[in-house]
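Participant: Before I ask anything, let me first share the structure, which is written out below as structure tokens.
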Amino acid sequence: MKESFYSRDFTSYQKKIMDFTLDAFKQDYGLGDVTTDALLEGAQVRGEIRAKEACVVCGLIEARTLFESAGIVVNVMVDEGEEIDPGSLIITLIGNSREIIGRARTALDYLKVMSGIATKTRALDKKYPKKIATTRKSHPGLLLSEKRAVTMGGGFAHRINLSDGYLVKKEHLVCFAFETYGFYSEEAKLNAMGEALKRISIHREITKNKHLFVEVEVTSLEEAMVCLNARKQYGIPHILMIDNKNPDEFKKIVQEYRKEEDKFIQTQIPNVTPEMTPDMLDEKRTIIEASGRISEENIEKYIKAGADVVSMSDLVLNAKPIDISMEIAKGD
């Protein structure tokens with residue numbers, strides 16, 4: 001499978017992640033921490049952040065950003081993505097009591113939520129290596145951090161934003177049909193899908209975006225075959241997302257699509273022999289992604305039915321936050 005279509009490097013996003021993290025703190029801080037203002041003078045104290053349960057730790061960049069922005073000395077005791085035991089020390093802090101207490105809630109929230117996502121993803125990745133991807137469904141303002149947590153757990157981030165690749169969905173085709181034909185119907189949708197892929201092929205050329213993948217959401221065999229015809233003509237799409245089908249329906253579409261696709265691929269490979277066909281077919285095949293209705297309970301059925309990748313919002317939206325807390329001691 002062409003993992004480059006799904007893998008993402010977050011290095012270039014680190015400044016944005018730090019900015020979003022500080023914005024989250026500002027929301028929590030408001031006009032000031034009136035309780036702390038009333039009670040504390042700002043003596044130096046030591047803070048210790050520990051996990052109360054086993055987890056894959058994540059959110060260290062966000063926590064460090066929050067504390068270091070206030071001049072607090074931060075010592076990170078574990079690595080991002082490391083599997084840790086209950087009671088493990090994650091971070092030690094030395095600094096002003098007012099600043100540590102003021103920033104602790106936001107830092108702990110990032111650590112709890114992101115570690116929960118990374119832990120859930122790691123458990124699934126161990127069962128189904130290189131098969132798990134998240135979606136763009138996330139909590140507002142947390143998209144970058146939540147997608148980063150998925151990658152720390154071993155999953156794929158898929159698109160971080162709308163500029164990462166072309167993904168044609170039903171909503172695009174409905175609007176395209178209205179703009180092009182003046183009406184929408186199932187037949188118009190099929191015509192719009194073929195024409196849309198032609199236009200994307202041209203767009204990739206003139207905008208020098210040929211490095212971006214093209215993916216199409218389909219819900220029927222007829223739509224999948226339109227994509228195959230476009231693939232024969234334009235070399236796209238690279239990914240076929242079969243959406244909102246039960247495992248049996250999904251399997252039928254995959255089997256028929258693969259049968260026709262393999263016939264085409266074999267015509268493009270010179271001197272095909274039975275021994276060399278499997279690897280050569282896999283390299284040239286469309287990636288098939290299962291999406292919609294996916295949960296931990298049924299994911300295996302979709303993989304057995306032929307999914308190369310399974311994308312699921314469940315990784316982010318239903319991950320249980322990890323119990324992580326901070327204790328304060330007298331400063332050294």
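Participant: Would you please name the residue that is farthest from Lys245 (Cα to Cα), looking only at residues in the stretch 198-225 that are of a type in the set (Val, Ile, Thr) and touching a strand residue (DSSP E or B) at 6+ places or on another chain (Cβ under 9 Å)? Show your work before the answer.
Facilitator: Within the stretch 198-225, the first condition is being of a type in the set (Val, Ile, Thr), and the residues that meet it are 200, 202, 206-207, 214, 216, 218-219.
When the remaining residues are screened for being touching a strand residue (DSSP E or B) at 6+ places or on another chain (Cβ under 9 Å), the result is 200, 214, 216, 218-219.
Numbers: Ile200: 26, Val214: 21, Val216: 15, Val218: 10, Thr219: 7 Å.
Among those residues, the one meeting the criterion is Ile200.
Participant: Considering Ile100, Ile61, Ile90, which residue is among the aliphatic types (A, V, I, L, M), in the same structural domain as Ser115 (by TED's automatic domain parsing) and part of a strand (DSSP E or B)?
Facilitator: Numbers: Ile100 fails: part of a strand (DSSP E or B); Ile61 fails: part of a strand (DSSP E or B).
Matching residue, one of Ile100, Ile61, Ile90: Ile90.
Participant: Among the strands (runs of 3 or more DSSP E) lying completely within the stretch 194-298, list those that include at least 2 residues that are charged (D, E, K, R) and at pLDDT 90 or above. Don't jump to the end; show me each part of the working.
Facilitator: Values: elements: 213-218, 239-243, 287-291.
Correct list: 213-218.
Participant: Taking the condition of being over 14 Å from Leu315 (Cα atoms) and of a type in the set (S, T, N, Q), how many residues in the stretch 100-117 meet it?
Facilitator: So the count comes out to 1.
Participant: Among the candidates Glu62, Glu68, Glu99, Glu83, single out the residue that is of a type in the set (Asp, Glu) and surrounded by 23 or more Cβ atoms within 10 Å (Cβ to Cβ). So that I can check it myself, show each step before the final result.
Facilitator: On the way: Glu68 fails: surrounded by 23 or more Cβ atoms within 10 Å (Cβ to Cβ); Glu99 fails: surrounded by 23 or more Cβ atoms within 10 Å (Cβ to Cβ); Glu83 fails: surrounded by 23 or more Cβ atoms within 10 Å (Cβ to Cβ).
Exactly one of Glu62, Glu68, Glu99, Glu83 is of a type in the set (Asp, Glu) and surrounded by 23 or more Cβ atoms within 10 Å (Cβ to Cβ), namely Glu62.
Participant: Further, regarding this structure: For the list (1) farther than 26 Å from Asp282 by Cα; (2) more than 27 Å from the chain's Cα centre (by Cα), I need the number of the one condition that Thr207 fails.
Facilitator: Of the numbered conditions (1) farther than 26 Å from Asp282 by Cα; (2) more than 27 Å from the chain's Cα centre (by Cα), the odd one out for Thr207 is (2).
Participant: Whether any residue in the stretch 178-187 is in the same structural domain as Glu260 (by TED's automatic domain parsing) and crowded, with 18+ Cβ neighbours inside 10 Å is what I want to check.
Facilitator: As a first pass, look at the stretch 178-187 and keep what is in the same structural domain as Glu260 (by TED's automatic domain parsing): 178-187.
Narrowing the set further to residues that are crowded, with 18+ Cβ neighbours inside 10 Å leaves none.
There is no residue in the stretch 178-187 that is in the same structural domain as Glu260 (by TED's automatic domain parsing) and crowded, with 18+ Cβ neighbours inside 10 Å.
Participant: Might you let me know whether the stretch 28-41 holds any residue that is closer than 19 Å to Arg148 by Cβ, touching a helix residue (DSSP H, G or I) at 6+ places or on another chain (Cβ under 7 Å) and either of a type outside the set (D, E, K, R) or modelled with pLDDT of 95 or more (or both)?
Facilitator: Restricting attention to the stretch 28-41, the residues satisfying the condition of being closer than 19 Å to Arg148 by Cβ are none.
So far as the stretch 28-41 goes, no, none of its residues is closer than 19 Å to Arg148 by Cβ, touching a helix residue (DSSP H, G or I) at 6+ places or on another chain (Cβ under 7 Å) and either of a type outside the set (D, E, K, R) or modelled with pLDDT of 95 or more (or both).
Participant: Please pick out the residue among Gly71, Gly116, Gly141 that is under 25 Å from the mean Cα position of the chain (by Cα) and under 24 Å from Lys15 (Cβ atoms). Let's see the steps before the verdict.
Facilitator: On the way: Gly71 fails: under 25 Å from the mean Cα position of the chain (by Cα); Gly116 fails: under 24 Å from Lys15 (Cβ atoms).
Within the list Gly71, Gly116, Gly141, the selection yields Gly141.
The values are calculated or read from the model by the stated rules, or taken from the named source; none is laboratory data. Quantities reported herein were computed from a predicted structural model and do not represent experimental measurements. Positions of Cβ are backbone-derived with ideal geometry, glycine not excepted, and every protein chain shown enters the neighbour counts.
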